[in-house]
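Throughout, read-outs are computed from the coordinates displayed, never taken from laboratory work. From a predicted model like this one, the values you see are computed outputs, not experimental measurements. All Cβ positions, glycine included, derive from the backbone under ideal geometry; neighbour counts span all protein chains shown.
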Amino acid sequence: MRLYDLSGNLIHQLEGASASFSPDGQYLVTFPYDYVSDEPMRLYDLSGNLIHRLEGRYASFSPDNQYLVTPRSSNDESLLYDLSGNLIQQLEGTSASFSPDSQYLVTYSYSSDEPVRLYDRSGTLIQQLEGRSASFSPDGDWLLISLEEGISQIYDTHTGSLLAEFPGSDPVLSNDESLLLTKLDDISYRLWRVDNGLDDLLAWGCNWLESYFTNYPEERLEVCKAGAGN
């Protein structure tokens, strides 16, 4: 692999089969194509100087360029490093991503046997939640979780409180957070309009669950109780 500047000048030859840059473009990490290989990842600066060899299969940088996280090759863990190559923490879960403000990480394993885990940026576990996959909203305030039962849930990232629940899996918010998309089956999706932000999400979620709450009133969510008489 070769590193060039934008004038086409060769800067350095690097070890690895593929690579990704940090958000600020000051670092890059290389890794082999074979995810089960014993070959390490390598962290370089833009001069092509090797900073550190890292264990892992591929890497995601934090948006603030302070950390990177990678799934471990040998087991169901992810590794959190700083950009000096120091291991900060071992995290449970094979997939990991940072919140947009870099203050949180979420990990999951696409398995009903393993929970979704929310960590702070130091790798300290904050909360475990049921679910097979998870992602942050564009502003990082919400955590969107997909359950095995074809249900999506939205949690407050900062408090860990359940805010709303919807039919469909794999929830995705548009960048302006005005639309929510959930997957009903292999060919069907539902698009929710969220013009009024969280109020709309809560109203739709509570309306969808109303028949369930009628049969099981003791399980009515706190956020739905205010509208129970409407």
Fill in the blank from the handout: Descending packing, highest mean Cβ count within 10 Å first, for 25-31, 120-126 is 25-31, 120-126
Practice task
Just report the Cα centroid separation between region 111-164 and region 23-101, whole Å.
Solution key: 22 Å
Exercise for the section: Evaluate E = 1/(1 + (r/R0)^6) for Leu46 and Leu125, where r is the Cβ-Cβ distance and R0 equals 45 Å; express this FRET efficiency to the nearest 0.05. Expected result: 0.85
